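The numbers here are math on the coordinates, done by the rules we state, and not lab data. These numbers come from a predicted model, not from an experiment. No Cβ is skipped: glycine too gets one built from the backbone with ideal geometry, and neighbour counts run over all protein chains shown.
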Amino acid sequence: MSDGYGTLYLCATPIGNLGDMTFRAVEILKKVSLIAAEDTRHTRKLTSHFDIHTPLTSYHEHNRQTKGPELVAKLLAGQDVAVVSDAGLPGISDPGEDLVRLAIQAGVRVTPIPGACAALTALMASGLSTRGFQFVGFLPKASTARRKYLQTLRSQPETLLFYESPHQLIKTLEDLSAVLGDRQAVIGRELTKLHEEFCRTTLSGLVVHFREHPPRGEFVIVVARHDGAQDMPEQTPPEITDDYIRQEVERRVAGGANKKDAIRMIASQWGLSRRRVYQLALDSG
Ligand code: SAM
């Protein structure tokens with residue numbers, strides 16, 4: 001830019017699968033003077049993988065008030081800076097939002113480098129309506145505040161998207177069901193990773209499922225809009241023959257899952273006994 005200022009790049013990084021890093025993100029991270037990362041140790045693994053040697057500095061929730069103005073000073077001095085979070089889009093339930101505002105106030109150009117976002121990745125494969133949606137992200141942690149906030153979403157005519165951690169998941173699903181009613185809902189777990197899974201049922205169905213299978217990994221909760229009972233297509237279950245089960249085990253193992261996990265996932269997905277799946281998996285060698 002002719003003003004001599006640097007550019008602030010908001011750089012997407014993968015939400016699990018390194019193959020989702022974009023060419024442009026690699027190119028930008030190589031060429032900027034500095035990368036401001038939520039967790040430098042985490043980002044160093046990514047930069048090493050892509051042979052990026054740009055210096056890293058930390059920018060996170062706890063230092064953003066002092067670090068933000070320092071980064072803007074560098075931008076005003078003509079340095080290009082890229083911001084990355086641990087995964088996905090910086091500024092989306094992650095640090096970045098404040099820095100964007102500071103940079104705009106200072107007259108610095110802000111350029112987004114798009115890529116994966118967990119919420120939209122879950123939404124597009126959920127089967128629920130994608131025509132209108134509301135991204136909520138993390139709900140308040142305290143149950144009273146959470147339920148109060150959920151009341152404001154009750155009549156929302158749009159699909160709702162939430163982030164949640166494994167240890168809060170069941171409690172949040174219970175609150176969603178209690179306040180919004182027992183709607184259709186989908187969980188996208190470990191998206192783009194080896195154990196990616198979609199669980200498409202109702203909020204109460206999800207509560208039952210996760211009581212039986214303690215939540216592990218990362219989750220996006222997608223909830224049908226108010227009056228969206230017809231949104232979800234009927235899922236036609238495959239015919240669960242012995243051959244089908246053997247093929248499914250082989251398919252998942254070929255995809256990189258270990259056999260024990262493949263057996264567990266198939267049994268849980270179709271409500272089969274683990275013993276049956278295990279026996280068939282043994283047969284297939
Ligand atoms: N900035 C990120 C984005 O653009 O998606 C979101 C960061 S937020 C701190 C982390 C939350 O995103 C996790 O707790 C989980 O709810 C969701 N998430 C991130 N990666 C995920 C994945 N691979 N599968 C499912 N959910 C994921």
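By per-residue mean of other Cβ atoms within 10 Å, what is the highest-first order of 124-132, 31-39? Write out the running numbers ahead of the final one.
Details: 124-132: 16.3, 31-39: 20.6.
Highest to lowest by the protection proxy: 31-39, 124-132.
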- Note on the structure: Cα extents of the range 77-190 per principal axis, largest first, Å, are 54, 31, 28
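Report the calculated FRET efficiency for residue 250 and residue 60 (r = Cβ-Cβ distance, R0 = 51 Å), to the nearest 0.05.
Here the calculated transfer efficiency is 0.75.
Can you give the local net charge around residue 28? Use residues other than it whose beta-carbon is closer than 15 angstrom to its beta-carbon, Lys and Arg +1, Asp and Glu -1. Walk me through the numbers on the way to the answer.
Values: positive: 24, 30, 31, 109; negative: 27, 51, 80.
Local net charge: +1.
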- Between residue 154 and residue 130, take the C-beta separation as r, use R0 = 22 Å, and let me know the FRET efficiency to the nearest 0.05. 0.60
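List, in the order given, every pair from 193/259; 31/74; 141/171; 45/260 whose Cα-Cα distance in the structure shown is over 18 Å.
On the way: 193/259 16 Å; 31/74 15 Å; 141/171 10 Å; 45/260 28 Å.
Over 18 Å apart, Cα to Cα: 45/260.
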- Item | Summed side-chain charge close to residue 193 - residues other than residue 193 whose Cβ falls under 11 Å, Lys, Arg +1, Asp, Glu -1 | -4
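Can you tell me the length gained on complete extension of the stretch residue 39 to residue 105, counting 0.36 nm per residue apart and subtracting the Cα distance?
Values: separation 66, 0.36 × 66 = 23.76 nm, distance 2.57 nm.
Value of the extension gain: 21.2 nm.
Taking only complete DSSP H runs, can you tell me which helices of the chain stretch 20 Å or more along their own long axis by Cα positions and average at least 0.0 on the Kyte-Doolittle scale? Can you show the working numbers first?
Details: long enough: 166-180 (21 Å, 0.33).
Passing helices, by number: 166-180.
Please grab the % of Cα pairs in the range 191-234 that end up more than 17 Å from each other.
So the pairs more than 17 Å apart make up 40 percent of the total in the range 191-234.
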- Which net charge results for the neighbourhood of residue 155, defined as the other residues with beta-carbon distances under 12 angstrom from its beta-carbon, given Lys and Arg at +1 and Asp and Glu at -1? 0
- Message: Between residue 143 and residue 226, what's the calculated FRET efficiency when r is the beta-carbon distance and R0 is 25 Å? Round to 0.05.
- Response: 0.70
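Given Cβ point charges of +1 (Lys, Arg) and -1 (Asp, Glu) and nothing else, what value in debye, to the nearest 20, does the dipole of the range 82-221 about its Cα centre take? Don't jump to the answer; show the numbers that get you there.
On the way: 15 positive and 14 negative charges, 70 e Å.
The dipole magnitude comes to about 340 debye.
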- Task: Starting from one equal scatterer on each C-alpha and no solvent at all, send me the Debye-based log10 I(q)/I(0) for the range 1-150 at q = 0.12, 0.15 Å⁻¹, two decimals.
- Result: -0.55, -0.81
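Can you show me the helix-derived [θ] at 222 nm for the chain, built from DSSP H runs with n ≥ 4 at -39,500 (n - 2.57) apiece and divided by the number of residues, rounded to the nearest 500.
Working: 11 runs with 119 residues, N = 285.
The per-residue figure over the chain is -12500 deg cm²/dmol.
With +1 on each Lys and Arg Cβ and -1 on each Asp and Glu Cβ, how big is the dipole of the chain about its Cα centre, in debye rounded to the nearest 20? Display every interim value, and only then the final one.
On the way: 34 positive and 33 negative charges, 102 e Å.
The dipole of the chain has a size of about 480 debye.
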- Highest GNM mean-square fluctuation, the chain, Cα pairs closer than 10 Å: which of 170, 28, 104? 104
- Note on the structure: Among trypsin sites (Lys or Arg not before Pro) in the range 153-233, those in a DSSP loop whose Cβ has at most 16 other Cβ atoms within 10 Å are 154, 193, 216
- Can you pull the three principal axis extents for the Cα set of the chain, in Å, largest first? 67, 48, 31
